[in-house]
Amino acid sequence: MATLRVAAKPEVAPMKVAQISKPGGDFEIVDRDIPTPDAGHVRIKVQACGVCHSDVLTKDGLWPGIQYPRIPGHEVAGIVDEVGDGVSAWKKGQRVGVGWHGGQDNTCRECRRGDFRNCRNLKVCGISYDGGYEEYMVAPVEALVAIPESLSDVDAAPLLCAGITTYNALRHGRALPGDLVAVQGIGGLGHLGIQFANKFGYKVAAIGRGSENAALAKKLGANVYIDSRATNAAEALQKLGGAQVILATAPSSKAMSELIDGLGPNGELMVIGAAFDPIEVTPLQLISGSKTIQGWAAGTPADSEDTLRFAELSGVRPMVETYPLEKAAEAYARMLSGKAEFRVVLTM
Ligand SMILES: [Zn+2]
Ligand SMILES: [Zn+2]
């Protein structure tokens, strides 16, 4: 008599995730089944995930079309744990990360021109699909970043958004070694911007509100510290000859507007601090001295790998505060408070 064999359903261990179930909802720590990667995807055992100010887009439902529940997190560092069909370039056990650039469509006009950073259907990790506030996540291969051996997960994670954004904006700016470059804001972005600007060989002016960060800014590589509360920062920059590039990192349009007159001839205000209110500038301010205001969004995974390699080479590292995944709500509140020194990172 044939025995009826019932295939036992394999025991799938659950994993912990920190999800948002509706716009403006609180973080919920829940169990989910560990996901299986589809073709062209890998599963990552997440080791660390940075908490970025842009996670507010997921938390508060500010991204058009975002679906819930959603797990935020686009500063992910971990290990490839499983590969889907058709994946040959990435191996189990390899250290990888995922940043803001979560995948491109490869078909729009910008992609066909190789400008993947500006894909019209760009996928964002933690917005278009679940991000790194979880123990295991699935990502498409075009989003993957190889992490060098010498960088820890906690150091690599913030470099995948805050790091690449400052590094890429500065290296696409028009400053040459020796030129005056100002970094406005000494926070999550600015403390990395100062370090990169120093290692790029610029004369670095750090601009902060108050004197409390002066010593730290100099330690990070600033040649000059300008306290914008005590002095007119634009005039101070003009006394130094005018800035070739001002990297505007603090999300304050008012502070950015006040700095435009600190630019030298052909100077550019490089805007990376994401604010919602308008920057105020008159046409005459831009016309005299041929000045520009340029926005910059992170970059591709290849740009992220450049960032990590440069950090490895130069010793640029983020300053971090770590929290366990279970304390995602506390970590997020700490990031929002603006008091963290300087990037908040979840560890799994
Ligand atoms: Zn970010
Ligand atoms: Zn595209």
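Think of each Lys and Arg Cβ as +1 and each Asp and Glu Cβ as -1; about the Cα centre, that makes the dipole of region 82-177 roughly 640 debye.
Take Leu62: with every protein chain present and a 1.4 Å probe, its accessible area is about 90 Å². Here, region 223-348 is characterised by an Rg to Rh ratio of 1.04, where Rg is the alpha-carbon radius of gyration and Rh the Kirkwood radius. The chain has equivalent-ellipsoid semi-axes of 40, 20, 19 Å, by the square roots of 5 times the alpha carbon gyration tensor eigenvalues, sorted largest first. Note that region 22-109 presents 45 Å² accessible area per residue, ligands and nucleic acids not counted, probe 1.4 Å. Ellipsoid semi-axes for region 231-284, based on the Cα gyration tensor and the rule √(5λ), read 18, 11, 11 Å when sorted largest first.
Taking Gly103, Gly114, Gly262 in turn, the Gaussian network model of the chain (Cα-Cα springs below 10 Å) assigns the largest fluctuation to Gly114.
Probing with 1.4 Å while keeping every protein chain in the model, the per residue accessible area of region 263-348 equals 49 Å².
In region 57-141, the portion of solvent-accessible area held by carbon and sulfur atoms comes to 45 percent [1.4 Å probe, whole percent, DNA, RNA and ligands not counted]. Surface composition of region 295-335: carbon and sulfur atoms hold 54% of the protein heavy-atom accessible area at a 1.4 Å probe.
In terms of the Cα gyration tensor, with a ≥ b ≥ c the square roots of its eigenvalues, is region 43-128 rounded because a/c is under 1.5, prolate because a/b exceeds b/c, or oblate?
Because a/c hits 1.5 or more and a/b fails to exceed b/c, region 43-128 counts as oblate.
For the pair Ser211 and Thr292 in one chain, pulling the backbone fully straight at 0.36 nm per residue adds 26.2 nm over the alpha carbon distance. The alpha carbons of region 55-205 stretch over 49, 36, 33 Å along the principal axes, in descending order. Stokes-Einstein diffusion for region 111-161 at 25 °C, viscosity 0.890 mPa s, with a Kirkwood radius from C-alpha pairs, works out to 190 µm²/s. Label positions at Arg334 and Cys108, each projected 7 Å from the Cα along the C-beta direction, are separated by 3.5 nm.
Kirkwood radius for region 157-223, taken over all pairs of different Cα atoms as the inverse mean of 1/r, rounds to 11.7 Å.
Helix 301-314 against the longest principal axis of the chain: what's the angle in degrees, Cα atoms only, rounded to the nearest 10? So the helix axis and the longest Cα principal axis differ by about 60 degrees.
The values are calculated or read from the model by the stated rules, or taken from the named source; none is laboratory data. None of these values were measured; they are calculated from a predicted model. Neighbour counts are summed over all protein chains in view; Cβ atoms, including those assigned to glycine, are modelled from backbone coordinates with ideal geometry. The protein model used for the area step is the full one, side chains on, heavy atoms only, and it has no ligands, DNA or RNA in it. Shrake-Rupley method; radii C 1.70, N 1.55, O 1.52, S 1.80 Å.
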